[in-house]
């Protein structure tokens, strides 16, 4: 069972402590728990992560999965022009 003091062993937060990821990118922990079968943080960690990402009763990533509230998606050309 993954604890707050444990280090992440994969992904963009590899070698960071779970506590750091919880503070910086709590949605990542939720995503990992839902999508990676061997990733098993404590239920307290996931509960805290969910509290951190809830805004106005809706999780941030749910906001962007709904077309009616999703900002206009960028095209490859738009993204290229920003660089």
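The values are calculated or read from the model by the stated rules, or taken from the named source; none is laboratory data. The structure presented is a predicted model; accordingly, all values stated were derived computationally and were not measured. Cβ coordinates were reconstructed from backbone atoms using ideal geometry, including for glycine residues, and neighbour counts include every protein chain displayed.
A few notes on this one:
- Qualifying positions in segment 40-49 - surrounded by 15 or more Cβ atoms within 10 Å (Cβ to Cβ) and in a helix (DSSP H, G or I): 45, 46, 48, 49
- Residue ID - surrounded by the fewest Cβ atoms within 10 Å (Cβ to Cβ), chosen from residues in segment 26-39 that are touching a strand residue (DSSP E or B) at 6+ places or on another chain (Cβ under 9 Å) and in a helix (DSSP H, G or I): 27
- Within segment 6-20, considering residues that are part of a loop (DSSP other than H, G, I, E, B) and touching a helix residue (DSSP H, G or I) at 6+ places or on another chain (Cβ under 7 Å), the one nearest to residue 33 (Cα to Cα): 8
- Among the criteria (1) part of a helix (DSSP H, G or I); (2) modelled with pLDDT of 95 or more, the one residue 23 does not fulfil is (2).
- Every residue from segment 50-83 that is exposed (fewer than 13 other Cβ atoms within 10 Å of the Cβ) and at pLDDT 85 or above: 51
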